[in-house]
Amino acid sequence: MIDATTTLNSITIGSIPIPTPLTLAPMDGMTNYAFRRLVRQHSGTDCGLVCTELLSSQILTGKDKRARFKFDWQPDEFPFAVQIFGNDPTMMADAAQILEAAGAAIIDINMGCWVPKVARKGGGAGLLRDVCTATSVVQAVVDAVSVPVTVKVRAGYRRGEPNAIAFAQAAEDAGVQMVAVHWRYADQGFRPDPVDWSIIRQVKEVVRSIPVLGNGDVHTAADARRMLDETGCDGVMIGRAAAGHPWLFHHIAHELRTGEALPAPSLATRAKAALDHAQVMVGTSDYEETTSVLQLRGRLHQYFDELIDTDPQLADMRHQLVRVNTLAEIEDLLLPIMEITQ
Ligand SMILES: Cc1cc2nc3c(=O)[nH]c(=O)nc-3n(C[C@H](O)[C@H](O)[C@H](O)COP(=O)(O)O)c2cc1C
């Protein structure tokens, strides 16, 4: 429980209203349609915006049609963003047009991915090494589409070079409609360094007319309120804490608005959510069942992780969940839990 209420003001991205300024961060291997749908089911409009996994502009515009496998959005997810990465302005503009034609409501440009195969080639956070190149990429995308364009940045590429500040100003001038700022530099990867949200405040101070979202290490309503208070940001983007917790946005919004914490979801609710995740993912993915189940192995236990210390039977189930090979095996593990506890 927190000791005072916080007003959550809606924001707009271009002309698109975002009812609650709490949004789901894009996460490769996680924010596919199955998970985004669960977030909408359990958090409703308390998750103001969802985002796809990152898509390569090179694959989208090339002959290799594998990227089509990830055209997994549905109109009922609105408002949603589709994220692309790359460093070639023409290719990024073409990719954005392909996505707009395929129904993307918002195009988000990835300038946060630090993994070497993306950043060393100049995409993702690699763009932040050079504000001019980064700006030419966003300008090309903004000019190519009529849907709003947003960017997600890290603080900069190297620690001590906070290029996000100059870039955010340039992006706003180029016509970008929202900037999300993850406080780490690319060379920090995901290191658990002491949290420092000051870069979010600095970006908010220079951006005049578009929303700035803060991102990084928000797990609870208290964290969200602290980020809003300390940085003045217009909204909070949440990634890892939402994995296995599609209700998180509703719980955080409720606690901020009322000062009251909602009870933690029951074991049955968790098992049902994990099962929905698996069934929808296998049912809607263009991948083979075995490929989807391999990805689910690393995800389903997250619905139960915080209960495992107190329940040895769940520890056993976790052990089995990370070894499943088929949807039927997942159902065999989760259905009995739903029945016992309902
Ligand atoms: C597994 C994983 C995959 C991610 N994939 C993406 C991605 O595709 N695009 C992106 O912009 N950021 C990606 N990120 C970064 C997150 O969007 C977010 O910036 C980061 O996790 C910090 O926020 P958090 O502390 O709330 O998790 C990913 C993070 C994780 C953990």
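A few points about this structure:
- Residue in the range 172-217 that is nearest to the ligand (Cβ to nearest atom), counting only those that are under 16 Å from the mean Cα position of the chain (by Cα) and of a type in the set (V, I, T): V181
- Subset of the range 279-324 [open to solvent by 40 Å² or more (accessible area, probe 1.4 Å), outside any helix (DSSP H, G or I) and touching a helix residue (DSSP H, G or I) at 6+ places or on another chain (Cβ under 6 Å)]: D286, V322
- Boolean, V39 is in contact (Cβ under 8 Å) with a residue 40 or more places away in the chain and outside the structural domain of Q279 (by TED's automatic domain parsing): yes
So that you can scan it fast, the table gives a plain yes or no per residue for (1) away from the ligand (no atom under 13 Å from the Cβ); (2) at pLDDT below 95; (3) over 13 Å from the mean Cα position of the chain (by Cα); (4) surrounded by fewer than 18 Cβ atoms within 10 Å (Cβ to Cβ):
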{"residue": "P19", "(1), (2), (3), (4)": "yes, no, yes, yes"}
{"residue": "T23", "(1), (2), (3), (4)": "no, no, no, no"}
{"residue": "T31", "(1), (2), (3), (4)": "no, no, no, no"}
{"residue": "G44", "(1), (2), (3), (4)": "yes, no, yes, yes"}
{"residue": "T61", "(1), (2), (3), (4)": "yes, yes, yes, no"}
{"residue": "D64", "(1), (2), (3), (4)": "yes, yes, yes, yes"}
{"residue": "F78", "(1), (2), (3), (4)": "yes, yes, yes, yes"}
{"residue": "A96", "(1), (2), (3), (4)": "yes, no, yes, no"}
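- Of the residues making up the range 231-248, those that are more than 12 Å from the ligand (Cβ to nearest atom) and within 18 Å of A34 (Cβ to Cβ) are G244, P246, W247.
- Here the condition is being among the β-branched types (V, I, T) and over 21 Å from the mean Cα position of the chain (by Cα); of T150, T90, it holds for T90 alone.
- Number of the exception - G112 against (1) out of contact with any Lys or Arg (no Cβ under 6 Å at 6 or more places or on another chain); (2) within 16 Å of the ligand (Cβ to nearest atom): (1)
- Residue match in the range 251-262 (condition: in contact with a strand residue (DSSP E or B) (Cβ under 7 Å, 6 or more places away or on another chain) and within 27 Å of N215 (Cα to Cα)): yes
Let's see how each residue does on (1) under 25 Å from W73 (Cβ atoms); (2) among the small types (G, A, S); (3) more than 15 Å from the ligand (Cβ to nearest atom); (4) at pLDDT 95 or above:
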residue: D108; (1), (2), (3), (4): yes, no, no, yes
residue: K121; (1), (2), (3), (4): no, no, yes, no
residue: V131; (1), (2), (3), (4): no, no, yes, no
residue: T135; (1), (2), (3), (4): no, no, yes, yes
residue: S146; (1), (2), (3), (4): yes, yes, yes, yes
residue: V149; (1), (2), (3), (4): yes, no, no, yes
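- Of all residues in the range 192-244, those satisfying the criterion of being surrounded by 19 or more Cβ atoms within 10 Å (Cβ to Cβ), free of Cβ contacts under 8 Å to residues at least 60 places away in the same chain, touching a Gly at 6+ places or on another chain (Cβ under 7 Å) and not hydroxyl-bearing (S, T, Y) are W197, I200, K204, M227, C233.
- Single residue of the range 110-119 satisfying the filter (buried (at least 24 other Cβ atoms within 10 Å of the Cβ) and out of contact with any Pro (no Cβ under 8 Å at 6 or more places or on another chain)) that is modelled with the lowest pLDDT: A119
- Some residue of the range 46-53 being away from the ligand (no atom under 14 Å from the Cβ), of a type outside the set (A, V, I, L, M) and either open to solvent by less than 10 Å² (accessible area, probe 1.4 Å) or within 30 Å of L256 (Cβ to Cβ) (or both): yes
- When A253 is tested against (1) surrounded by fewer than 21 Cβ atoms within 10 Å (Cβ to Cβ); (2) aliphatic (A, V, I, L, M); (3) touching an Asp or Glu at 6+ places or on another chain (Cβ under 6 Å), exactly one condition is not met: (1).
The values are calculated or read from the model by the stated rules, or taken from the named source; none is laboratory data. Here the structure is a predicted model, which means the values were calculated and not measured. For neighbour counting, all protein chains shown are included, and Cβ atoms are generated from backbone atoms with ideal geometry for every residue, glycine included. Side chains are part of the model used for accessible areas, which takes the heavy atoms of the whole protein and leaves out ligands, DNA and RNA. Shrake-Rupley method; radii C 1.70, N 1.55, O 1.52, S 1.80 Å.
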